[in-house]
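Below: one structure, written as structure tokens.
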Amino acid sequence: MAHGEVLEFEEYVRTRQDALLRSARRLVPDPVDAQDLLQTALVRTYGRWDGIADKRLADAYLRRVMINTRTEWWRARKLEEVPTEQLPDASVEDSTEQHADRALLMDIMKVLAPKQRSVVVLRHWEQMSTEETAAALGMSAGTVKSTLHRALARLRQELESRDREEPATGALEREERERCAA
């Protein structure tokens, strides 16, 4: 790679790293894994940087690399989790309702397949259009719409299931969070 392109890549990373880390954080729940995901995607993108003709599409290219990398990791994982009837309580690090909602959402997002999770993240968190999402994921706009519809239905189902399982506990936890926040 030419020296000018190396400098161009370094400038790109410097200006976009916060936004890209947020994207990675939305794809994997653990902050350390998100940093690893972004770092791996940057290394892979660096090797292909001169092949990206339109640098305005670098974000889409890098997000696609992150999604592919996350999918590779997911497929290669060792299944150490054991399915159970009872879901564990979601841990809440911060006492504010916003952080509790975010933690619950990130926990619920784990029920989605990688493809569904990618569509939800790009459409709702990254606020990409259906067409942009389709281009980033290499699928048709119709597939994005149907995948998003099924993913949101699955998230609603999971949320309702959790509400039915622990209605009294959930109300007590909300009251406790409100007291702590006050």
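The values are calculated or read from the model by the stated rules, or taken from the named source; none is laboratory data. All of these numbers come straight from a predicted model, not from anything done at the bench. Counting neighbours? That spans all protein chains shown, and the Cβs are built from the backbone with ideal geometry, glycine included.
Can you name the residue in the range 1-13 that is exposed (fewer than 14 other Cβ atoms within 10 Å of the Cβ) and modelled with pLDDT under 85 and is also nearest to the chain's Cα centre (by Cα) among such residues?
Out of the qualifying residues, it is VAL6.
Please go through the range 14-30 and pick out each residue that is surrounded by 16 or more Cβ atoms within 10 Å (Cβ to Cβ) and within 13 Å of ALA58 (Cβ to Cβ).
If the condition is that a residue be surrounded by 16 or more Cβ atoms within 10 Å (Cβ to Cβ) and within 13 Å of ALA58 (Cβ to Cβ), then LEU20, SER23 are the ones that fit.
Out of all the residues in the range 108-119, which are more than 20 Å from MET66 (Cβ to Cβ) and not in a loop (DSSP other than H, G, I, E, B)?
Residue satisfying the conditions is ILE108 alone.
What are the residues in the range 120-142 that are part of a helix (DSSP H, G or I) and crowded, with 16+ Cβ neighbours inside 10 Å, if any?
Within the range 120-142, VAL120, VAL121, LEU122, ARG123, THR130, GLU132, THR133, ALA134, ALA135, ALA136, LEU137 qualify.
Can you tell me how many residues within the range 109-146 are closer than 16 Å to LEU27 by Cα and of a type outside the set (Lys, Arg)?
The total comes to 19.
If ASP101 satisfies every condition in (1) surrounded by fewer than 14 Cβ atoms within 10 Å (Cβ to Cβ); (2) modelled with pLDDT of 75 or more; (3) part of a helix (DSSP H, G or I); (4) not polar (S, T, N, Q) but one, which is the exception?
Among (1) surrounded by fewer than 14 Cβ atoms within 10 Å (Cβ to Cβ); (2) modelled with pLDDT of 75 or more; (3) part of a helix (DSSP H, G or I); (4) not polar (S, T, N, Q), the lone unmet condition for ASP101 is (2).
Among (1) surrounded by 13 or more Cβ atoms within 10 Å (Cβ to Cβ); (2) assigned to a helix (DSSP H, G or I), where does LEU87 come up short?
(2)
Can we say ARG25 is within 20 Å of ALA134 (Cα to Cα) and either among the polar types (S, T, N, Q) or without any contact (Cβ under 8 Å) to a residue 60 or more places away in the chain (or both)?
When the stated conditions are applied, ARG25 does not pass them.
Looking at the range 37-47, can you tell me whether even one residue there is in contact (Cβ under 8 Å) with a residue 60 or more places away in the chain, assigned to a helix (DSSP H, G or I) and not aromatic (Phe, Trp, Tyr)?
Checked against the condition, which is being in contact (Cβ under 8 Å) with a residue 60 or more places away in the chain, assigned to a helix (DSSP H, G or I) and not aromatic (Phe, Trp, Tyr), the range 37-47 yields no hits at all.
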